[in-house]
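Report on the structure given below.
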Amino acid sequence: MCFRTRLNAKIIEIEKAFEARFMEPGSYQPQEEINGFDFSSNPVITDYAPGEILLYNWGLIPGWAKNDNLKKSTLNARIETLTEKPAFRNSVENRCLVIANGYYEWQWLDEKGKQKQKYLITPVKEEIFAFAGIYSSWRDPVTRNFLNTYSIVTTRANELMSEIHNNKERMPVIIRKEDRQAWLEKKPVENFAFPYEVELKATKI
């Protein structure tokens, strides 16, 4: 799974890495650790505006939802069931790149996970990268305000992540730089399921 990420890069570095510009630069705050369960707004690039870096909230809320309670269980979306799950199937064609320069995972050191080792996971070849994401626009029935939200797509773990994420054996889909446009252009999601991967390295924290 992927519930904690890192994006502590400067705006100029992110814009250069994605050849896009921040639409709300004053609202971006570099963070060493982003907790998904804070449901905060984070930088993404969407299929409809590939030259713009927008701020969307983590935790996808489908358009049909009566309230925002579902966001607690939609931080991640399993790539194998994207087209089946009610929360995600209407957003499969709404593609985005979720910008990061690392994410965190915990290795269980005992059977019940009472002892854990924290790792920072980063790609070997890219300092700033993108997770595969899907998004939705939701209108709060009470306030009538619109909220743009996203979920990070996950897949089966590769060899490294199977050793680290040894209780669930999942990992987020990291899009190779040369495939970013393909993801945004709605190429079949199965093309990005494991064994699709990037080379990763893990650092003990």
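Readers should treat all values here as calculations from the given coordinates under stated rules, not as data from a laboratory. As the structure is a computational prediction, the values presented were derived from the model and not from experiment. A quick note on method: Cβ atoms are made from the backbone with ideal geometry, for glycine too, and the neighbour counts reach across all protein chains shown.
Restricting the calculation to alpha carbons of region 83-123 gives Rg and Dmax of 16.2, 40 angstrom. Listed by chain and number, the lysines whose C-alpha is less than 17 Å from the C-alpha of residue 16, apart from same-chain residues fewer than 8 away, are 125, 177.
The H on the amide N of residue 200, modeled in the peptide plane, is under 5 Å from the matching H of 124, each at least 5 residues off or on a different chain. The value for region 51-112 of Rg(Cα) / (2.2 N^0.38 Å) is 1.38. Can you give the % of DSSP beta bridges in the chain that are antiparallel, to the nearest 5? Around 85 percent antiparallel, to the nearest 5.
Among the listed pairs 116/187; 66/201; 85/112; 112/186, give every one whose C-alpha distance is greater than 32 Å. Check vs 32 Å cut-off fails for 116/187; 66/201; 112/186. In the chain, the DSSP-assigned H stretches of four residues or longer account for a calculated mean residue ellipticity at 222 nm of -2000 deg cm²/dmol, using -39500 (n - 2.57) per stretch and the full residue count as denominator. Straight-line reach from residue 72: which aspartates and glutamates have a Cα under 14 Å away, not including same-chain ones fewer than 8 places off? Here the aspartates and glutamates satisfying the reach criterion relative to residue 72 are 38.
Over region 102-189, Cα pairs under 8 Å with separation of 6+ residues give a relative contact order of 26 percent. Relative intensity of region 14-96 on a log10 scale, I(q)/I(0) at q = 0.18, 0.19, 0.24, 0.27 Å⁻¹, equals -0.89, -0.97, -1.25, -1.32, per a Debye sum over C-alpha point scatterers of equal strength in the absence of solvent. With the biggest extent put first, the Cα atoms of region 97-205 measure 47, 37, 25 Å across the principal axes.
Compactness check for the chain: Cα Rg over 2.2 N^0.38 Å is 0.98. Of 151, 41, 136, 27, the sequence from fewest to most neighbouring Cβ atoms within 10 angstrom is 27, 41, 136, 151.
When only Cα pairs below 8 angstrom with a gap of at least 6 residues are kept, the chain shows a relative contact order of 22 percent.
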